[in-house]
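Following: one structure in structure tokens, then a few remarks.
The values are calculated or read from the model by the stated rules, or taken from the named source; none is laboratory data. Note that the coordinates shown come from a computational prediction; the quantities given were computed from them, not determined experimentally. Virtual Cβ from ideal backbone geometry, glycine too; neighbours counted across all protein chains shown.
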């Protein structure tokens with residue numbers, strides 16, 4: 001395999017930006033009047049709509065491991081995680097602002113692959129790169145993506161509208177991304193333990209669906225719009241930290257409590273098999289795994305039948321109740337566990 | 001002096017974010033309906049206005065040298081450079097989105113100082129932090145700020161409206177920030193050469209105005225609004241790369257040429273004295289120095305008298321002409337130099 005490695009210094013900052021702009025210019029959005037090339041981008045809001053804005057930073061060796069995250073996957077995931085936040089507001093994405101810090105051990109070809117994938121993923125949803133900042137970095141790759149979108153005021157879904165009696169729903173299935181991560185970690189460990197041989201072949205057979213979910217998650221942009229077209233969503237969040245933490249975000253913002261039923265929490269068979277291979281509990285993947293980028297939302301009970309017609313798998317998994325913010329998970333065997341603190345990954349915490 | 005150093009790991013990500021939120025919540029903007037605490041911020045645009053968005057990344061040891069940039073200065077400058085981009089569109093800032101990557105050698109106290117200063121500087125202009133992302137960093141401090149603003153369509157100033165016959169104007173004076181940088185570099189060199197003694201006292205006497213301009217530049221947010229209230233600005237940019245490069249940006253975007261007169265280019269006496277101490281040309285500081293964050297704009301000749309009444313120093317420094325994009329600087333001694341390529345700092349370029 002012949003992989004070209006052109007040093008970024010040989011094209012310079014302006015040369016690299018030109019390549020980025022040419023990739024970005026394949027997409028357009030009629031609301032974005034001025035993209036890259038001025039002091040700021042200019043967007044014409046649809047009259048009456050609200051603007052939404054979200055931002056995410058990805059730092060090499062903190063948020064991603066370049067030994068199993070290709071530039072193509074990284075570009076797509078950087079877009080997807082932000083698109084998912086826009087989807088969680090019931091909004092339509094408009095424009096992206098991409099800041100990059102790039103170390104000299106990264107080639108022009110690698111950055112083109114990243115940017116091609118990023119702009120493609122955004123473009124699929126009508127979202128265009130309208131600005132950014134490109135810089136050198138002392139270590140690895142730094143990516144910050146800010147996304148803007150817009151939503152009709154009556155369709156806006158926040159974390160704070162959950163009401164006692166609501167049905168808690170989730171799209172897709174949970175824990176699959178974590179299963180993919182476990183497989184990637186296992187194969188990397190084998191590779192490192194074998195002394196990193198050039199002919200090492202990771203064993204990914206049969207794990208396609210969990211690997212894909214981890215490496216290139218699908219943001220639920222269209223499904224979110226389809227849901228809010230049919231019914232009034234009381235509260236919504238995307239599952240990025242794990243079911244318990246994200247449910248708890250809704251509970252704390254809304255001042256309510258949630259009771260979830262283990263038997264209704266959707267877990268894919270491959271996720272289940274993967275967890276069992278590691279002697280881990282499949283439910284723990286769903287409850288604490290994170291990065292599934294599914295939608296978790298609450299609606300009035302009599303609205304649920306209106307969602308039957310929607311493509312995409314929507315499952316009722318519990319109830320909102322009055323009371324102190326907490327999440328209770330009822331287990332199949334009749335026991336229950338209750339969480340009132342976040343259980344997800346925290347930066348800066350002391351590790352054992 | 002008793003400086004506290006609390007490790008960020010002792011308060012954790014959520015503890016740090018709580019401190020940030022409490023500093024941010026001192027300010028509000030009635031257009032920002034939802035700030036930190038949901039998947040995205042929610043902004044209600046003023047009907048009929050356009051939205052503008054800009055973003056900037058600052059990476060330690062690439063964009064700033066922590067040996068002479070305090071956290072207080074850094075916070076203010078991170079705000080100011082983005083506010084200046086909003087000002088360059090004639091827009092009013094609304095909301096900021098702040099992503100941080102923080103290495104473990106940075107204390108809670110340092111980050112609080114940074115965030116206090118950042119939010120204060122934004123708050124002065126009615127701009128509120130409405131979102132962000134806080135993460136660990138493998139090296140130093142990484143800061144990405146995205147700023148949104150809004151502007152009436154008829155007052156929007158871009159880089160592309162310069163017209164032959166326009167007068168080229170600049171606010172304040174140029175090259176002062178670069179003079180400040182040279183003094184800081186000189187004192188740092190002395191300190192390093194002296195073996196970094198604990199009792200080293202840098203000699204900053206008499207250089208206050210140039211140091212201040214470099215460390216805490218003043219974004220021309222209000223002046224920009226005052227200008228566009230009185231006259232129609234044909235084109236505008238903020239001077240961040242140096243006069244030649246920024247004038248060339250306007251020329252390339254507008255398809256015109258510019259002729260600037262050395263004798264009208266405003267250079268402060270301390271800037272002049274500093275350059276002479278280094279045996280450097282004061283004009284070079286103004287032409288290539290950068291980071292002055294003054295406004296460079298072009299207007300119809302008969303509009304210029306309408307600006308007399310404005311507080312703040314506005315100077316006509318040249319003319320827009322028809323022709324290929326280039327910038328000509330007429331020297332006092334009758335010669336002229338012409339630039340059709342950018343001469344400012346580029347990331348990733350080979351250094352001699």
(request) Name the residue, out of A:342, A:304, that is assigned to a loop (DSSP other than H, G, I, E, B), surrounded by fewer than 21 Cβ atoms within 10 Å (Cβ to Cβ) and either within 14 Å of chain B (Cβ to nearest Cβ) or touching a residue at least 60 places away in the same chain (Cβ under 8 Å) (or both). (result) A:342
(message) Given the options B:185, B:196, name the one that is at positive phi, free of Cβ contacts under 8 Å to residues at least 24 places away in the same chain and more than 13 Å from chain A (Cβ to nearest Cβ).
(response) B:196
(message) Quick test of your reading of the structure: residue B:156 fulfils all but one of (1) within 14 Å of chain A (Cβ to nearest Cβ); (2) at pLDDT below 95. Name the failing condition by number.
(response) (2)
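Criterion first (assigned to a strand (DSSP E or B) and closer than 15 Å to residue B:130 by Cα) does residue B:58 satisfy it?
Numbers: assigned to a strand (DSSP E or B): yes; closer than 15 Å to residue B:130 by Cα: no.
When the stated conditions are applied, residue B:58 does not pass them.
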(message) With the structure loaded, tell me whether residue B:250 is in contact with a strand residue (DSSP E or B) (Cβ under 7 Å, 6 or more places away or on another chain), under 30 Å from residue A:11 (Cβ atoms), assigned to a helix (DSSP H, G or I) and more than 14 Å from chain A (Cβ to nearest Cβ) or whether it fails that test.
(response) no
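Condition check: modelled with pLDDT of 95 or more and more than 30 Å from residue A:104 (Cα to Cα). Does residue B:330 satisfy that? Please lay out each step first, then the result.
Numbers: modelled with pLDDT of 95 or more: yes; more than 30 Å from residue A:104 (Cα to Cα): yes.
Yes.
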(request) Return a yes/no flag: does the stretch A:136-145 have any residue that is within 30 Å of residue A:226 (Cα to Cα) and within 14 Å of chain B (Cβ to nearest Cβ). (result) yes
(request) Please work out which one of (1) away from chain B (no Cβ under 14 Å); (2) without any contact (Cβ under 8 Å) to a residue 12 or more places away in the chain; (3) closer than 30 Å to residue A:192 by Cβ is the condition residue A:124 fails and give its number. (result) (3)
(request) Restrict the check to the stretch A:104-116 and report whether at least one residue is more than 7 Å from chain B (Cβ to nearest Cβ), within 23 Å of residue A:44 (Cα to Cα) and either modelled with pLDDT of 95 or more or crowded, with 24+ Cβ neighbours inside 10 Å (or both). (result) no
(request) Quick one: count up the residues across the stretch B:7-22 that are outside any loop (DSSP other than H, G, I, E, B), surrounded by fewer than 22 Cβ atoms within 10 Å (Cβ to Cβ) and more than 7 Å from chain A (Cβ to nearest Cβ). (result) 8
(message) So for the stretch B:68-89 (the condition being at pLDDT 90 or above and assigned to a loop (DSSP other than H, G, I, E, B)), does at least one residue qualify?
(response) yes
(message) Looking at A:128, A:143, A:92, A:139, can you tell me which residue is over 25 Å from residue A:59 (Cα atoms) and not assigned by TED's automatic domain parsing to the domain that holds residue A:209?
(response) A:92
(message) residue B:162 - would you say it is closer than 16 Å to residue B:233 by Cα and at pLDDT 95 or above?
(response) yes
(request) Go through the stretch B:36-62 and count every residue that is more than 7 Å from every other protein chain (Cβ to nearest Cβ) and surrounded by fewer than 21 Cβ atoms within 10 Å (Cβ to Cβ). (result) 5
(message) Residue under question is residue B:83, and the condition is that it be buried (at least 24 other Cβ atoms within 10 Å of the Cβ), closer than 23 Å to residue B:241 by Cβ and either away from chain A (no Cβ under 12 Å) or touching a residue at least 40 places away in the same chain (Cβ under 8 Å) (or both); does it hold?
(response) yes
(request) Tell me, please, whether a residue that is crowded, with 23+ Cβ neighbours inside 10 Å, farther than 30 Å from residue A:8 by Cβ and in contact with a strand residue (DSSP E or B) (Cβ under 9 Å, 6 or more places away or on another chain) can be found in the stretch A:129-149. (result) yes
(request) Just give me the residues in the stretch B:184-215 being within 30 Å of residue B:309 (Cβ to Cβ) and surrounded by fewer than 19 Cβ atoms within 10 Å (Cβ to Cβ), in sequence order. (result) B:208, B:209, B:212
(request) Tell me which of these residue A:47 doesn't satisfy, since it passes every other one: (1) closer than 22 Å to residue B:49 by Cβ; (2) touching a residue at least 40 places away in the same chain (Cβ under 8 Å). (result) (2)
(message) Cβ-Cβ distance below 7 Å, separation of 6 or more or different chains: which pairs start in the stretch B:209-236 with a residue that is free of Cβ contacts under 8 Å to residues at least 40 places away in the same chain and end on one that is assigned to a loop (DSSP other than H, G, I, E, B)?
(response) B:211/B:204
(message) Going through B:196, B:185 one at a time, which residue ends up being over 27 Å from residue B:326 (Cβ atoms), part of a helix (DSSP H, G or I) and at pLDDT below 95?
(response) B:185
(request) Could you check, for the stretch B:94-101, whether at least one of its residues is within 14 Å of chain A (Cβ to nearest Cβ), crowded, with 20+ Cβ neighbours inside 10 Å, in a strand (DSSP E or B) and touching a helix residue (DSSP H, G or I) at 6+ places or on another chain (Cβ under 6 Å)? (result) yes
(request) Say whether the condition of being assigned by TED's automatic domain parsing to the domain that holds residue B:319, more than 20 Å from residue B:278 (Cα to Cα) and touching a strand residue (DSSP E or B) at 6+ places or on another chain (Cβ under 7 Å) is met by at least one residue in the stretch B:171-192. (result) yes
(message) Considering only residues that are part of a loop (DSSP other than H, G, I, E, B) and at pLDDT 95 or above, which ones fall in the stretch A:307-322?
(response) A:322
(message) Being more than 22 Å from the chain's Cα centre (by Cα) and either surrounded by 20 or more Cβ atoms within 10 Å (Cβ to Cβ) or under 18 Å from residue A:89 (Cα atoms) (or both) is the filter here; which residues of the stretch A:237-274 pass it?
(response) A:254, A:256, A:257, A:258, A:260
